[in-house]
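Q: Structure incoming, see below.
The values are calculated or read from the model by the stated rules, or taken from the named source; none is laboratory data. All figures in this text were calculated on a predicted structure; none of them were measured in a lab. Cβ placement follows ideal geometry from the backbone for every residue including glycine, while neighbour counts extend to all protein chains displayed.
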Amino acid sequence: MILNRLRKKDSGFTLIELLIVIAIIGILAAIAIPNLLNALQRGKQKRTMADIRNLATAIESYNVDNNTYPTAVACPTDLPTTVKPLTTASFALLKPTYIAVPPTTDGWGHSLSYGTNAVGQTYLLGSGGRDGTGAAITVPSGNACGTTTDFNADIVYANGTFIVYPDGPQH
């Protein structure tokens, strides 16, 4: 009888052992969760960049056929000064010949923005980034072009290339 009771006591975990395991799991979670959240934001940025690139390809193809962009490094000087948020009716001229379904939102669910200059010879596509400034994207000038490490920063694509885009560690 006494021997059976001793065996039953030896088969369980002590409170200290359980607390140590919980502490180890907590430490691992504290390390993993911020990295996971950062990876989610980076994925949304990359999705937004891919959507912008696909839409820009369709715009470029339209320009080749029509010699004008559809209406709706060093920074270019002749960029549009105003842009409008895209809607489901935007780019009716591109569907279905150039792109089946033009993306209208970025990875965060905010509207992408588009604008052309007065003569329809340059264009700008953009996302307001995580903070969702959307239609109010900043048109870069001077030294404002290049990479950023801020999820809230605008992503801007103009005339065939990204002129403001995320790269490197994000915060």
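Q: Considering only the range 104-126, how many residues are within 14 Å of THR57 (Cα to Cα) and surrounded by fewer than 19 Cβ atoms within 10 Å (Cβ to Cβ)?
A: The qualifying residues number 1.
Q: Let me ask another. For the range 127-161, how many residues meet the condition of being crowded, with 21+ Cβ neighbours inside 10 Å, within 24 Å of ASN63 (Cβ to Cβ) and modelled with pLDDT of 80 or more?
A: 6
Q: Among the residues of the range 82-94, is any more than 20 Å from PRO166 (Cβ to Cβ), surrounded by 16 or more Cβ atoms within 10 Å (Cβ to Cβ) and touching a strand residue (DSSP E or B) at 6+ places or on another chain (Cβ under 6 Å)?
A: Yes: the range 82-94 contains one or more residues that are more than 20 Å from PRO166 (Cβ to Cβ), surrounded by 16 or more Cβ atoms within 10 Å (Cβ to Cβ) and touching a strand residue (DSSP E or B) at 6+ places or on another chain (Cβ under 6 Å).
Q: Condition first: of a type outside the set (Gly, Ala, Ser) and outside any strand (DSSP E or B). Now tell me which residues in the range 101-126 satisfy that.
A: Passing the criteria: VAL101, PRO102, PRO103, THR104, ASP106, TRP108, HIS110, LEU112, ASN117, VAL119, GLN121, THR122.
Q: Scan the range 24-49 and report the pairs whose first residue is under 18 Å from TRP108 (Cα atoms) and whose second residue is modelled with pLDDT under 90 and among the hydroxyl-bearing types (Ser, Thr, Tyr), with Cβ atoms within less than 7 Å and a gap of 6+ or a chain change.
A: Matching pairs, first to second residue: THR48/SER127; MET49/TYR165.
Q: Mind counting the residues in the range 38-73 that are within 15 Å of ASP167 (Cβ to Cβ) and modelled with pLDDT under 85?
A: The number of residues fulfilling the criteria is 1.
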